[in-house]
1. How big is the charge dipole of the range 198-321 about its Cα centre, in debye rounded to the nearest 20, if each Lys and Arg gets +1 on its Cβ and each Asp and Glu gets -1 on its Cβ?
2. If you average 1/r over all unlike Cα pairs in the range 90-240 and invert the result, what Kirkwood radius do you get in angstrom?
3. Restrict the search to the range 162-256; then list the GluC sites (Glu not before Pro) that DSSP places in a loop and that have at most 14 other Cβ atoms within 10 Å of their Cβ.
4. Over its Cα atoms, what ratio of radius of gyration to 2.2 N^0.38 Å does the range 154-215 give?
5. So which trypsin sites (Lys or Arg not before Pro) in the range 117-168 are both in a DSSP loop and have at most 14 other Cβ atoms within 10 Å of their Cβ?
6. Taking Cα atoms of the range 279-348, Rg/Rh with Kirkwood Rh, to two decimals?
7. Strictly over 20 Å apart at the Cα level, which of 251/289; 98/142; 217/319; 253/347 would you flag in this model?
8. Taking the Cα atoms of the range 192-348 alone, what are Rg (to one decimal) and Dmax (as a whole number) in Å?
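Every number in this text was worked out from the coordinates using simple rules, so none of it is lab data. As the structure is a prediction and not an experimental result, all values here were calculated from the model. No Cβ is skipped: glycine too gets one built from the backbone with ideal geometry, and neighbour counts run over all protein chains shown.
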Amino acid sequence: MEDYKLLYENLLADYNRYQSNAEMKIQELSKKNINMENKLNSISNIVEIGKYINSSISNEDFILKINDLIVGILGPAYSAIYLVENYNNSVANIRSLKQSKYVKYFQNNQEFRLNSATNLNDVESKEEIHSAIGAPIIIRGKMIGYIVAEHTHINFFTDEHMKLLRSITTQVAIAFENYNLYKKVEELAIEDPLLAIYNRRFFYNEVERKIRMDKSKRFAIVMLDIDNFKKVNDTYGHQFGDNVLIFFADKIKEHLNRGDVLARYGGEEIIMYINDAHDAELVYNRMEKMRQDIVDDYMNIHGITASIGISFYPDNGDKLDDVIAVSDKMLYRAKEIRKNIVVSSMKQ
């Protein structure tokens, strides 16, 4: 009987050891599964972050969208992106690195995590901040800014938050590169690369848009052609000819008002949309003053002058093409008369 009792106790002890080991293994596997799920979630978040950020680069408010994303992913009370001054003035909602209260932590281009029982916020009117994390935005080895997240709770941010913030800064760096490229492509699509003024296609689109917005608004179309340009180009070379074109574009800009639109129509022809054309005589006088300024400049010694034609909407047509055709007709009438004059469809 004693032998059976001993056997039972041994079997029970073995069973308990086996059960204990099994439970430990199950707990280990469970922890591994949880870690794996967290890693998969992190990877998924990183992928989604990249998609979201890069889908927003054409939007001027894409910084706001990134901040919304940071709040959604990391759960901070506040988020901000700071850039070194003059890095990218075309991006809206960017703050200067020097204006941040965390600027002293930016010195070594390192990540930081702060926790404080006292308020980290130096603005009394705002909610108290007791924890913050920051990570640098690095582009080609150069620090161009920081992303900072803040929370009202102390010890809110964990190592996992820091990993995600690090991933976000990488995606934001890529987004800034893409944004800069997007803006360059956008500029090439609407600007003449030599004269740094709008191209013909953009001019048409912009003026058509203005007409759709207000069909009753009177405006003027001005066509300007550089007299004797081909002769000067052949005599002095294309580089000199390019300088002449640039001079004309810069000179015309001095005579444009807010709301006017300037574009290269083709070759040496330049076209203008004059926004304020309620008085045809005033438009004529403005263009005459511009022509005289061009003539008075040193370019006149080479026989370079300007012939100008003016037409008006809706006086000369209710379609842009018709108004431009009249302006073109006025331009060539100026050239037929004696060049270097202004001819207006409302003053003949």
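1. Computed charge dipole of the range 198-321: roughly 480 debye.
2. Over the range 90-240, the inverse of the mean reciprocal pair distance is 20.7 Å.
3. Counting only loop positions with at most 14 other Cβ atoms within 10 Å, the GluC sites (Glu not before Pro) in the range 162-256 are 254.
4. 1.99
5. 126, 140
6. Across the range 279-348, the Cα-based Rg/Rh ratio is 1.02.
7. 253/347
8. Over the range 192-348's Cα set, Rg and Dmax evaluate to 14.9, 47 Å.
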